[in-house]
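First comes the structure, then the notes that go with it.
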Amino acid sequence: MNCNCKEMRDKILFDLKIDINLLEPTFEKYANVDGSLITILQKAQELYGYLPTELLFYIAERTGIKPAKVMGVVSFYTQFRTKPVGKNLILLCQGTACHVNGSAVIEEVIREHLKINEGEISADGLFTYNNVACLGCCSLAPAMMIGDKTFGNLTKATTIEALNDIARRCGE
């Protein structure tokens, strides 16, 4: 019996619109450098938006790192995503200060306004939201980040305003 695992993996990556050739310069630079797995994973996520399992197996094969170690690194660090996300990733703080100051209300506003649950992609593909333990900006509680921008002292109105502003800019 002949295993076509590599062919199947390559077909799945193709179907996911993941061009592994885009990662070649990164492999050429880092594949044989000890301690470079995180750098490779960061570049892959930057290129593809997330790290599907098939890509992780490919990275393991190209670097000679055991798949279990690659999966372990990806599951340990919260910066890595194994599922696609919307164009704008919302990180909603659920730390103590944000919780006490109403992050649950802000989460409800996000869910209702975008018609999504945590981890889902909005129908227009623009947003995904995730709860995070802390954004480190307690004086702005409740707070969220969208991309690299922090929004603080959120209310229902300012949350909707921020979401609408980003959606409008994405449509231009």
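The values are calculated or read from the model by the stated rules, or taken from the named source; none is laboratory data. Note that this is a predicted model, so its numbers are computed, not measured. Cβ placement follows ideal geometry from the backbone for every residue including glycine, while neighbour counts extend to all protein chains displayed.
Annotations for the structure displayed:
- For segment 107-129, the set of residues classified as buried (at least 16 other Cβ atoms within 10 Å of the Cβ), under 21 Å from Cys170 (Cβ atoms) and either among the hydroxyl-bearing types (Ser, Thr, Tyr) or touching a residue at least 12 places away in the same chain (Cβ under 8 Å) (or both) consists of Val109, Ile110, His113, Leu114, Ile116, Ile121, Ser122, Leu126, Phe127, Thr128, Tyr129, listed by residue number.
- Look at (1) buried (at least 17 other Cβ atoms within 10 Å of the Cβ); (2) within 27 Å of Gly125 (Cα to Cα); (3) not hydroxyl-bearing (Ser, Thr, Tyr) and you find that Leu37 fails only one, number (2).
- Residues satisfying the stated conditions in segment 100-123, i.e. closer than 16 Å to Ile146 by Cα and among the acidic types (Asp, Glu): Glu107, Glu118, Glu120
- Subset of segment 46-67 (residues that are within 19 Å of Phe14 (Cβ to Cβ), in contact with a Leu (Cβ under 8 Å, 6 or more places away or on another chain) and either among the polar types (S, T, N, Q) or not assigned by TED's automatic domain parsing to the domain that holds Ala31 (or both)): none
- Residues in segment 79-99 that are buried (at least 17 other Cβ atoms within 10 Å of the Cβ) and of a type in the set (S, T, N, Q): Asn88, Gln94.
- Where helices (runs of 4 or more DSSP H) fall entirely within segment 10-120, those with at least 2 residues that are farther than 15 Å from Asn130 by Cα, within 20 Å of the chain's Cα centre (by Cα) and of a type in the set (Ser, Thr, Tyr) are at 37-48, 53-63.
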